[in-house]
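Structure, as structure tokens:
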């Protein structure tokens, strides 16, 4: 009898885990085909990346940031996401994370600020999906801020952004 209960419990836990992971990897609100962003706005306080086309928010994505999300990036290794206006200046489809788009941080002002405090401003701030091999986590990754200062989405959201955002697109990152 105890063995049957244990097997039943294991099966229930397996089913619940499978169900959670299945739901975490579903896109219930896909971006319409053909949408092209004219601007991106990131609201750090709300943990959102807004895709804007011609002044209208077309879709808003929940995101994860660096482990220290409050405040502007000051130096390499501070685990903060920079604040300011930048551009998406290049992309990498073969990165360690599922697709990545580079944000043009640091700009000349960021370098000056870092120099005044004797710091290296850092760089390689990206919008990306999950670390390769961990895409199955899906939306679960949003439970914590886990990047080193980047902006992270699920892999299927990154696919949408990849299609909708061209190099040269402006991105504004707000506190």
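The values are calculated or read from the model by the stated rules, or taken from the named source; none is laboratory data. Remember, predicted model here, so these are calculated numbers, not experimental data. With ideal geometry, Cβ positions are generated from the backbone for all residues, glycine too; neighbour counts draw on all protein chains shown.
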Breaking point among (1) buried (at least 22 other Cβ atoms within 10 Å of the Cβ); (2) over 14 Å from residue 40 (Cβ atoms); (3) touching a residue at least 40 places away in the same chain (Cβ under 8 Å), for residue 101: (2)
Filter result (touching a helix residue (DSSP H, G or I) at 6+ places or on another chain (Cβ under 6 Å) and assigned to a helix (DSSP H, G or I)) within segment 137-175: 138, 139, 140, 155
Strands (runs of 3 or more DSSP E) enclosed by segment 1-104 - at least 3 residues per element that are at pLDDT below 95: none
Segment 47-56, residues that are over 18 Å from residue 80 (Cβ atoms), surrounded by 14 or more Cβ atoms within 10 Å (Cβ to Cβ) and out of contact with any helix residue (DSSP H, G or I) (no Cβ under 7 Å at 6 or more places or on another chain): 50, 52, 53
Verdict on residue 130 being in contact with a helix residue (DSSP H, G or I) (Cβ under 6 Å, 6 or more places away or on another chain) and in contact (Cβ under 8 Å) with a residue 24 or more places away in the chain: yes
Subset of segment 121-131 (residues that are surrounded by 14 or more Cβ atoms within 10 Å (Cβ to Cβ) and assigned to a loop (DSSP other than H, G, I, E, B)): 121, 122, 123, 125, 129, 130
Test: residue in segment 110-120 that is in contact with a strand residue (DSSP E or B) (Cβ under 8 Å, 6 or more places away or on another chain) and in a loop (DSSP other than H, G, I, E, B): no
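Okay, residues lined up against (1) touching a residue at least 12 places away in the same chain (Cβ under 8 Å); (2) over 22 Å from residue 137 (Cβ atoms); (3) surrounded by 15 or more Cβ atoms within 10 Å (Cβ to Cβ):
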{"site": "36", "(1), (2), (3)": "yes, yes, no"}
{"site": "39", "(1), (2), (3)": "yes, yes, yes"}
{"site": "42", "(1), (2), (3)": "yes, no, yes"}
{"site": "45", "(1), (2), (3)": "yes, yes, no"}
{"site": "58", "(1), (2), (3)": "yes, yes, yes"}
{"site": "69", "(1), (2), (3)": "yes, no, yes"}
